[in-house]
Structures are given as structure tokens and as C-alpha cells.
Amino acid sequence: MRIALFFLLPAFLLAANLQVSASPNAACAVALPDGRSFLTGGRATTNSLPLAAYFEKDGTVSPASPMVEARAGHVCVGFPDGSVLVAGGDTGKRGATNSAEVFHADTNSWTATGAMLTARTGAAAILLKNGKVLVAGGESGGVAANTLEIYDPAQGRFEQAPGILSAPRSRHAIAVLESGGVLIAGGFDGATALDSIDLFDPAQNRTLPAGRMSAPRANFTATWLDGSRVLFAGGTDGTSELASAEIYDAAAGRTAPAAPLGTARQGQIAIRVPGSDQVLIAAGTAAGRVLDSGEVYSLSLNAFRPAADDGGEGAVTTITVGIFGPDMKIRASRAFRIHAAPPRR
């Protein structure tokens, strides 16, 4: 069961005083260019929801027009102009869908766009540096997929991406490298958690195996650090939550151990703190319990510390995390004030 949401902030969103959100009901949340968070869909008992709402900078919730189609476990990606693409997910009675729609903030309205080639739930999606969206993996009818698609917002349609993943996967992690390449790692193949990593290279128009993690992980986070390095943290091995973390170097094609999390968790949010070499890890679940705690990883120190208003060097970045229930009401909200020293060179 997908129990929380995570997402990565594209480069244009790296600004102080961010509002981000998580949901334990298979909703999807995306950070907007103005620092707010936009939530869509989710599940209440067995029904998928068409709800949409803003998590405002002051910690309140403002409703937006509902989606055309109810969905949970879908993907959502924000564009620089503030519009949001949602695609796939579980509609409830009709199961997985391949439909997609776009939210237009200026008119508070949704319009249908071209459908995906494959119905998917539990997929991963990310904005590419060329302005298109990559959607990878997922599952339909309990069967995991190994295919990828690319959405072109200018054309309003999806097309098949070249190659296939080294294994079918859902609830995996995805991150864009400085080079523009995309790492797709871990997840479930329908039976077990995976340790494999794939690299989608838009410049070469191909998908290739790119090594393995030190441990199988699903429902975890992948956060770009610098150059070709990405932090993999937490998740589940299919049996229990993980506290372990590792740094993958795409240039070398291998991982190295990182300091462990203070709290084992899965389904968390991971955000690279603006102007620093630090990553905030927050929320998620452990043993079926929703967490509202956070911790910060420092690359230069290779250490996690509790995220708290406890001093430090450098400018303060405030990141407010809201955890939402199926009715779009906040179950918990916490502002993390992070004193982040600039990255060491």
C-alpha cells in the first residue's frame, strides 16, 4: 500500500520558505513555483477522490476546482508556469487509468490532455530539463510495468520512451542529474523489493542498467546532491522500514554508504535545502504510524541530525511540511527552520 508521497523540487523551485505536503491516502503533491504545494486526489476507504487544494504559505488550505476524474496513486508534475499535469492512478471502481489532465492556475480549471499509452498506478514521474515529463514503471491490475513514456506539453500527448527498465517496478524513486539524465531506482516488481538502478539518457535517447544499490528499497527517496551524486534514503525492503542511506555516483556507477537516518521511515519527503549541501528528510511512516518528525543530512559531514530550530551557521531556510488526511484536512503541520551552511568545495 502506498502510504505517503514524496517529490523532488526542480531547480526553479529552490527558494526559501517552502510549503510541502504529504498524504497517507495515495494523494499526489507537487511544489509550485510560488512556494506553495498543490495536492490532488487520494483515497477515502475504497473510493478515489477528485479533490484538489493548495497548501498555502500561511499553513492553511484553499480549495481548487476538482479534477475531471477521481484518482489515487497517480503521478503529478508541476511546470514553471504554475500548471500541473496529473496522469494515471486508480479510479476506484474502474481500476487503473491511462487518462491525463492539466490544471491551469490562472483559470482554476482542468482540461483533458492526451492519454498515456499504458494505464499506470504507483508510477514515478519527473520534469526533464527539456521541459517534457518522463513517466516510468507503475502497475496495472497488480502487474508491474517496465516501460517508460514521455509527455510533451507543447503537443499535449504522450509517446513511448526508448528502451525498457531492467525490471518492472512500482513505488520506485526517480531523480534528475545535473547532466539531464534520470535515475530510476528500486521499487517493487510485484513480488519483491528491488536493488537495481536504471538510467534514462534523453541526450542519447536510451535507457540502460546503471548498477545496484547496496540493499533493496521501495517507497524511498532519491535526491540529487551535486554533479552525478544522488542520496538514496529510507524506504522498505518489503518487510520493515529502513534507516539506511547511501550515495550513488552515476559517473562511477556505484554506491557508497551514507550515515543512517535517526528514524527508519518509508514514504517520506526529501528536499535539498536551497544553497547548501543538505537534504531535509521528513514525515513518512514507520510500523503503520504517521511520522511528523524531520532530520537533515549534511553531505560535507556525512551525518544526519534532527531538524529543529537549534542554531547553526548560514542563512535560515524555513520548510513547512503538512500531512493531510483523505478529507484534505491537515493532520499535522511542522515548520523546520534549517540553518544551512553553504556547500564545501
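Which residue is modelled with the lowest pLDDT, if the candidates are limited to the range 261-320 and must be at positive phi and surrounded by fewer than 21 Cβ atoms within 10 Å (Cβ to Cβ)?
Gly311
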Filtered residues of the range 244-260 (kept if under 28 Å from Val316 (Cβ atoms) and open to solvent by less than 30 Å² (accessible area, probe 1.4 Å)): Ala245, Ile247, Ala258, Ala259
Looking only at residues in the range 151-173 that are closer than 13 Å to Ala123 by Cα and not small (Gly, Ala, Ser), which one is surrounded by the fewest Cβ atoms within 10 Å (Cβ to Cβ)? Pro168
Working only within the range 47-61, note down all residues that are free of Cβ contacts under 8 Å to residues at least 24 places away in the same chain and either touching a helix residue (DSSP H, G or I) at 6+ places or on another chain (Cβ under 6 Å) or farther than 15 Å from Phe103 by Cα (or both). Asp58, Thr60
Any residue at all in the range 245-256 that is part of a loop (DSSP other than H, G, I, E, B) and hydroxyl-bearing (Ser, Thr, Tyr)? no
Based on this model, can you work out whether Gly234 counts as at positive phi, over 17 Å from the mean Cα position of the chain (by Cα) and not aromatic (Phe, Trp, Tyr)? no
Given the conditions (1) open to solvent by 30 Å² or more (accessible area, probe 1.4 Å); (2) in contact with a strand residue (DSSP E or B) (Cβ under 8 Å, 6 or more places away or on another chain), report the number of the one that Ser240 does not fulfil. (2)
Which pairs turn up if I take residues in the range 267-293 that are free of Cβ contacts under 8 Å to residues at least 40 places away in the same chain and look for partners that are assigned to a loop (DSSP other than H, G, I, E, B) and not hydroxyl-bearing (Ser, Thr, Tyr) with beta carbon separation below 6 Å, at least 6 apart in sequence or on another chain? Leu291/Arg265; Leu291/Ala283; Leu291/Gly284
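The values are calculated or read from the model by the stated rules, or taken from the named source; none is laboratory data. For clarity, every value in this text was computed on a predicted model and none was experimentally measured. Virtual Cβ from ideal backbone geometry, glycine too; neighbours counted across all protein chains shown. Calculation scope for accessible area: heavy atoms of the full protein, side chains included, ligands and nucleic acids excluded. Shrake-Rupley method; radii C 1.70, N 1.55, O 1.52, S 1.80 Å.
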